[in-house]
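Working notes, beginning with the structure itself.
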């Protein structure tokens with residue numbers, strides 16, 4: 001048996017339970033008061049989509065707090081126009097990264113019993129909040145959601161492998177996930193009770209972490225609080241990097257190498273095997289000329305199964321096109337090139353730029 005067939009199987013085992021639906025909420029259930037906290041820096045283009053989606057869900061939340069992180073655009077004015085409570089973050093103190101500082105200040109102002117930290121580039125689907133609250137109250141603990149990735153332009157399919165590998169690396173959906181805790185939490189949507197948030201120290205406990213969501217999830221687990229991760233189809237969606245390929249490349253370069261470093265080593269090796277098998281199956285197409293009938297059938301079958309597998313995976317996490325799955329080797333090569341750039345930025349220069357702010361990736365000291 002060729003190793004590529006084993007690697008194909010590994011991919012299925014890593015995402016054994018990827019399609020985890022959020023439970024449908026009951027209209028008779030008394031929900032906790034929900035405070036939605038949105039850290040925002042230069043988000044005037046994204047906020048209208050999110051805040052308008054929340055307007056139809058107003059019966060399901062107590063308050064919306066937009067934390068303006070020294071924006072240089074109309075972020076604050078737009079948030080206020082939608083009726084959100086806007087607070088300004090104090091100057092960033094030593095030992096903190098911007099997003100954690102914004103979330104921490106938003107949490108201090110929140111008055112609900114349940115907190116939802118929500119990125120500004122997300123959108124709540126109709127009925128999504130009810131589903132989320134119902135799921136959290138049924139299971140308890142903390143829950144995080146990887147938003148369903150909505151594609152509007154063809155180039156946005158380039159994010160496919162990044163999102164897919166990020167979901168794989170979280171370790172929440174593999175065949176042994178029932179017994180092995182996840183690597184951390186997804187960053188775009190994090191839900192927990194105020195009591196649990198204060199118990200673990202909130203974002204002050206992970207103030208100097210560039211991957212604050214990964215570490216915050218681990219902190220909850222270390223305090224004995226269950227953590228469950230979900231895919232956000234029919235609940236929370238997002239559109240990433242609508243500005244173009246350049247912004248998409250910069251965005252994924254910012255911290256993807258750090259995320260790989262935080263992934264379980266065995267799981268990381270298995271992901272590498274799966275990627276290698278896919279690339280190898282594509283290169284095998286070059287050997288079709290001169291191959292026997294059986295060899296040709298074997299090569300085409302293997303590549304076809306990889307395409308079907310990738311298509312199923314991508315469709316579960318976003319509305320990626322079938323063409324993206326058919327051309328997954330090109331997506332993989334793009335991923336490898338951007339990942340290499342991320343490694344250089346993360347471990348050599350230790351500096352990236354994002355939202356008009358230079359971010360040093362060296363461990364911060366003091367507070």
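What follows is calculated from the coordinates using simple rules that are stated; it is not laboratory data. Source: prediction; values computed, not measured. Neighbour counts run over all protein chains shown; Cβ positions are idealised from the backbone, glycine included.
Things worth noting here:
- Using alpha-carbon coordinates, inclination of helix 128-139 to the longest axis of the chain, degrees: 90
- Taking the DSSP bridge list for the chain and keeping only pairs wholly inside it, about 40 percent are antiparallel.
- Point-to-point label distance, residue 45-residue 12, nm (Cα→Cβ direction, 7 Å offset): 4.1
- Ascending count of other beta-carbon atoms within 10 Å, so fewest first, for 66, 344: 344, 66
- Distance between the pseudo-spin-label points of residue 223 and residue 3 (7 Å out from Cα toward the beta carbon): 4.4 nm.
- Beta bridge orientation in segment 34-244: antiparallel %, DSSP, nearest 5: 30
- Whether segment 34-244 is rounded, prolate or oblate, judged on the alpha carbon gyration tensor where a/c under 1.5 counts as rounded: rounded
- What separates the Cα centres of segment 216-292 and segment 81-97 is a distance of 30 Å.
- With distances taken between every two different alpha-carbon atoms, segment 201-264 has a Kirkwood hydrodynamic radius of 14.1 Å.
- Relative to the longest principal axis of the Cα atoms of the chain, helix 265-283 runs at roughly 50 degrees.
- Extending 7 Å from the Cα toward the beta-carbon at both residue 276 and residue 154 defines two label points whose distance is 3.4 nm.
- Computed helical MRE - 222 nm, the chain, DSSP H runs ≥ 4 contributing -39500 (n - 2.57), nearest 500: -13500 deg cm²/dmol
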